[in-house]
1. Please determine whether any residue of region 12-27 is in contact with a Ser or Thr (Cβ under 7 Å, 6 or more places away or on another chain), of a type in the set (S, T, N, Q) and within 24 Å of residue 110 (Cα to Cα).
2. Here are some residues: 92, 113. Which one is part of a helix (DSSP H, G or I), exposed (fewer than 14 other Cβ atoms within 10 Å of the Cβ), modelled with pLDDT of 95 or more and not basic (Lys, Arg)?
3. For residues that are of a type in the set (A, V, I, L, M) and at pLDDT below 90, scanning just region 24-50, find the one that is surrounded by the fewest Cβ atoms within 10 Å (Cβ to Cβ).
4. Checking residue 55 against (1) open to solvent by 50 Å² or more (accessible area, probe 1.4 Å); (2) at pLDDT below 90; (3) part of a helix (DSSP H, G or I), only one condition comes out false. Which one?
5. Taking residue 95 as the residue in question, decide whether it is of a type in the set (D, E, K, R) and over 15 Å from residue 126 (Cα atoms).
6. Being in a helix (DSSP H, G or I), open to solvent by less than 60 Å² (accessible area, probe 1.4 Å), of a type outside the set (Gly, Ala, Ser) and at pLDDT 90 or above is the filter here; which residues of region 61-75 pass it?
7. Taking region 1-20 only, how many residues are touching a helix residue (DSSP H, G or I) at 6+ places or on another chain (Cβ under 6 Å) and more than 13 Å from residue 121 (Cβ to Cβ)?
Amino acid sequence: MTPQEIQNVQQSFAGVFARKADLAERFYVHLFTRIPQARGMFRGNFVKQKAMLTAMIAACVRNLDDPAALAELSARLVQDHAHLDLGARESEVAKRALIAALRDVLGPALDPETETAWASAISRVAGTMARH
């Protein structure tokens, strides 16, 4: 990622964080629309799951310019999701669901440049996860 892309993501994140509950809700709506069977993967406290999602996104955004910290976060994601046996298809669907949720939450504030930066950030985290 370029320094400008990192800056775009980090600056737009204030608007995302202010609506983090909406982001989590919209992410899962988009995810379950694309992969309905994924709903069965989430048992227990779904409110807690949504909070963990937004906390992990916040941590990744804060550490976009720190490859070691980002790799550590990605390793934790891999470990937390290992039991689900997710593949490249599911990873791609999750990336698309997150971008769609960002569009829902940020609306016009998610201009094409910022959306591209977010897509790059998401791919960076997902790429780091894939190398584990």
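1. Within region 12-27, the first condition is being in contact with a Ser or Thr (Cβ under 7 Å, 6 or more places away or on another chain), and the residues that meet it are 12, 20, 23-24.
Imposing the further condition that a residue be of a type in the set (S, T, N, Q) reduces the set to 12.
So of that shortlist, the ones also within 24 Å of residue 110 (Cα to Cα) come out as 12.
Checking region 12-27: at least one residue is in contact with a Ser or Thr (Cβ under 7 Å, 6 or more places away or on another chain), of a type in the set (S, T, N, Q) and within 24 Å of residue 110 (Cα to Cα).
2. Values: 92 fails: modelled with pLDDT of 95 or more.
None of the other options fit; the residue is 113.
3. Taking region 24-50 first, the residues of a type in the set (A, V, I, L, M) are 24, 29, 31, 35, 38, 41, 47.
Okay, now just the ones that are also at pLDDT below 90, so 35, 38, 41, 47.
Values: 35: 15, 38: 18, 41: 15, 47: 10.
So, considering only residues that are of a type in the set (A, V, I, L, M) and at pLDDT below 90, the one surrounded by the fewest Cβ atoms within 10 Å (Cβ to Cβ) is 47.
4. (2)
5. On the way: of a type in the set (D, E, K, R): yes; over 15 Å from residue 126 (Cα atoms): no.
No; evaluated as a whole, the condition is false for this residue.
6. In the first step, residues of region 61-75 are kept if they are in a helix (DSSP H, G or I); the result is 61-62, 67-75.
Those left that are additionally open to solvent by less than 60 Å² (accessible area, probe 1.4 Å): 61, 69-71, 73-75.
Then drop every residue that is not of a type outside the set (Gly, Ala, Ser), which leaves 61, 70, 73.
Result: 61, single match.
7. Count: 3.
The values are calculated or read from the model by the stated rules, or taken from the named source; none is laboratory data. Everything numeric in this text was worked out from a predicted model, so none of it was measured. Don't worry about glycine lacking a Cβ; one is built from the backbone with ideal geometry, like all the others, and counts go over all protein chains shown. Areas reflect the complete protein model, heavy atoms only, side chains present, ligands, DNA and RNA absent. Shrake-Rupley method; radii C 1.70, N 1.55, O 1.52, S 1.80 Å.
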